[in-house]
Each structure stands twice: as structure tokens, then as C-alpha cells.
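Inspection log for the structure reproduced underneath, given as C-alpha cells.
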Amino acid sequence: MKIGVVGCGAVGSYYGAKLCRDGHETHFLLRSDYQVVKRRGIAVRSAEGDFTVRPRPAQFSDQIGVCDLVLVAIKNTANSELARLLPPLIGERTAVVSLQNGLGNEEIFSRIAGVDKILGGLCFVCLNRVEPGV
């Protein structure tokens, strides 16, 4: 499965890293952490066990292309960027999952991708991004 992760802070990096570790082709759309992730990958320190993965980093959505699944974990205050970020990742059979706080996120996604592609997500974890790529 080809997975795109949009919003690679603590939540996006954690869930994306777990999917990458489990063997999925996982692409991270990155801004400031791009060089670090390209060089060192993503390190997760966890009570369940530490691990490091090497997702495919990208700086632009069109470098990733159409995905089977897109995880969106950006802060919902940046949802205005989704109209630019999501279209290159979405194809006829793509599912889009929101892992964001707040209400109404799925409505924004459905205007971009179509209501039939949107899945609401819920996660309850205590996470911190302690440094780039960790």
C-alpha cells in the first residue's frame, strides 16, 4: 500500500513510522525536517520499543504522486493549505484520513477530494516531537 503522510509532526510521524515499519511504501511530505529525515530517517522512542525507519521524504506533493491512503495530521489551523497539498496525492481509489483536532475537518477534505474518499480518524496518544526526525 502506498501511503502519504501530510503533517509530519509528532502525530503524523508516529503513525507514518509505524506504517513504514510494517512494510508499507510510506512517503512523508516535509518542510523543515526534510534534510534530516532524508539523511537519518525517523526515530521513534516508545514504551512499546524504539525503532527507526526510512520513509520516502518529499518537499512537494507532486513528488509523491497518487496514494492509496493519505494521512492528514497537520494542525487544522493550516487547513487552508490542503487545497494545494492534497490534489496531487488523490486518485480515483484514494482514502483520506484526518488525524486532526477540531470539528469540521472532514467537510474541508470532502470539498477537495469528494465525500466518498474521506474517513474520520481518532487517536489518543501522548506524543512529543523532541527534535527533527525524532
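The values are calculated or read from the model by the stated rules, or taken from the named source; none is laboratory data. Quick caveat: nothing in here was measured; it's all calculated off a predicted structure. When we count neighbours, we look across all protein chains shown, and the Cβ atoms used for this are built from the backbone with ideal geometry, even at glycine. Side chains included, ligands, DNA and RNA excluded: accessible areas come from the protein's heavy atoms. Shrake-Rupley method; radii C 1.70, N 1.55, O 1.52, S 1.80 Å.
Scan the chain and report its longest stretch carrying no chymotrypsin sites (Phe, Trp or Tyr not before Pro) that are both in a DSSP loop and have at most 15 other Cβ atoms within 10 Å. Don't jump to the answer; show the numbers that get you there.
Numbers: sites that count: Phe60, Phe124.
Within the chain, the longest run free of exposed chymotrypsin sites (Phe, Trp or Tyr not before Pro) spans 61-123.
Under 5 Å between amide H atoms, partner at least 5 residues away or on a different chain: which partners does Arg56 have, H built in plane at 1.01 Å?
Residues meeting the criterion, in which the H sits 1.01 Å from N, are Thr26, His27, Phe28.
Identify the residues of the range 47-78 with backbone N under 14 Å of a label point that sits 7 angstrom from the Cα of Asn128 along the Cα-to-Cβ direction, or state none.
47
Got a number for carbon plus sulfur as a percent of the chain's accessible area, 1.4 Å probe?
On the way: 3840 of 7650 Å².
It is 50 percent, rounded to a whole number.
Mind checking the full-extension length gain between Lys75 and Asp22? Use 0.36 nm per residue of separation minus the Cα-Cα distance, one decimal, nm.
Details: separation 53, 0.36 × 53 = 19.08 nm, distance 2.56 nm.
This chain segment gains 16.5 nm when fully extended.
For the chain, what percent of Cα pairs sit more than 23 Å apart? Don't jump to the answer; show the numbers that get you there.
On the way: 2347 of 8911 pairs.
Every Cα pair in the chain considered, those over 23 Å come to 26 percent.
Which GluC sites (Glu not before Pro) in the range 55-106 sit in a loop by DSSP (not H, G, I, E or B) and have at most 15 other Cβ atoms within 10 Å of their own Cβ? Can you show the working numbers first?
On the way: sites: Glu81, Glu92, Glu106; in loops: Glu92.
Here the sparse-neighbourhood loop sites are Glu92.
What number comes out for accessible area per residue over the range 1-58 if the probe is 1.4 Å? Units Å², please.
Working: 2960 Å² over 58 residues.
Normalised by residue count, the accessible surface of the range 1-58 is 51 Å².
Count the lysine pairs in the chain whose Cα atoms lie under 22 Å apart, taking only pairs 8 or more positions apart in sequence or on different chains. Could you put the intermediate results ahead of the total?
Details: Lys2/Lys18; Lys2/Lys38; Lys2/Lys117; Lys18/Lys38; Lys18/Lys75; Lys75/Lys117.
Number of lysine pairs found: 6.
To the nearest 0.05, what FRET efficiency results for Glu107 and Asp50 with a Förster distance of 35 Å applied to their C-beta separation? Don't skip to the end; give the middle numbers.
Working: r = 38 Å, r/R0 = 1.08.
Once rounded, the FRET efficiency stands at 0.40.
Assuming a viscosity of 1.002 mPa s and a temperature of 20 °C, what translational diffusion coefficient in µm² per second does Stokes-Einstein assign to the range 1-52, Rh being the Kirkwood radius over Cα pairs? Walk me through the numbers on the way to the answer.
Numbers: Rh = 11.2 Å.
D = 192 µm²/s.
Relative to the first principal axis of the alpha-carbon coordinates of the chain, what is the inclination of helix 10-21, with its axis defined by its Cα atoms, in degrees from 0 to 90 and to the nearest 10?
It is inclined by approximately 80 degrees.
If you keep only loop residues by DSSP, which trypsin sites (Lys or Arg not before Pro) in the range 18-102 have at most 13 other Cβ atoms within 10 Å of their Cβ?
When the trypsin sites (Lys or Arg not before Pro) of the range 18-102 are filtered for loop state and at most 13 Cβ neighbours within 10 Å, Arg31, Arg45, Lys75, Arg93 remain.
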